[in-house]
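What follows is one structure encoded as C-alpha cells, with my remarks underneath.
Since every read-out is calculated from the coordinates, none of them should be taken as a lab result. Keep in mind that what you see is a predicted model, and the values were worked out from it rather than measured. Cβ placement follows ideal geometry from the backbone for every residue including glycine, while neighbour counts extend to all protein chains displayed.
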Amino acid sequence: SILLSIIFTTGFITSLNIIRSGEKEIMELPKMQTNDKENSTENLTNSNLKILIMGDSIGYGIGDEENLGIGKRYQDLMNTENQTKLEITNISVPGYESDDLGVLIKSQENQSIIAEADLIIISIGGNDLNRLKYTDELTMSISFKETVKKYKENIETIINEIRTVNTDSQLAFIGLYD
C-alpha cells in the first residue's frame, strides 16, 4: 500500500511534464497559482476538496485489481495525510479517445462540474495509440506520428476548454505516453 502510494505520487508528479519532443517544448501547461490563500493546501485541511476525474477506462477504474480506481486510491492517500473531505466526481468513459473527451467536457452539465473542481485528474491517450492502423514498420511510424500529433492537439484543446471554465483548478495527467 505504501509502495503503491509512492508509485502513484511519483507518476502523478512525473505526468505533469507530459508533452515534450526532444529539446523543443510542444505545449506548456497553464501555470498554477501557488501563493493564493484560497488555493493554499493549508486551507484544504478540514475543508472540502472537489476532485474531478475524466478520461478513459483507466480513469474509470477498469483494470484496478483491488477495484478502487483513481478516485478511491487518491481518497485513501489523502485520508492518511490530513482531514480533508473529498468530493470525487468521475466522468470517465471506457473506450474514450482524446477527441471523445474533448466533446464530453463541452456539455453544460460537465462544464458545471469542471467549474467547481479544485483538482482535475485526466487519464486519456491509451486508446488513441491502441487504434493505430499500420501494415509494416514504415506505416506504423507514420501512423504513430500522426496519432501523437492529433493527440497533442486534442490535449491542448481540452486544457484550453478547462481553463475557459476554471482558471484555478490544478490539472494532473496520468498514464500518458512519451
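General observations
- Computed from backbone phi, the HN-Hα couplings of segment 67-78 come to 6, 9, x, 4, x, 5, 5, 5, 4, 4, 4, 5 Hz, rounded to whole numbers (Karplus: 6.51 cos²θ - 1.76 cosθ + 1.60, θ = phi - 60°; Gly and Pro given as x).
- Assuming charge only on the beta carbon of Lys and Arg (+1) and of Asp and Glu (-1), the dipole of segment 97-145 about its Cα centre is about 160 debye to the nearest 20.
- Length added when fully stretched, D99-K145, from 0.36 nm per residue minus Cα-Cα: 14.9 nm
- Whether segment 88-178 is rounded, prolate or oblate, judged on the alpha carbon gyration tensor where a/c under 1.5 counts as rounded: prolate
- Peptide ranges 109-120, 140-151 listed from the most packed, as the mean C-beta count within 10 angstrom indicates: 109-120, 140-151
- Packing-based order for 62-70, 155-163, using average beta carbon neighbours within 10 Å, highest first: 155-163, 62-70
- Cross-link pairs beyond the 24 Å C-alpha cut-off, checked among K50/K152; K50/K72; K50/K106: K50/K152
- Förster radius 25 Å - calculated FRET efficiency between L68 and S107, Cβ distance, rounded to 0.05: 0.40
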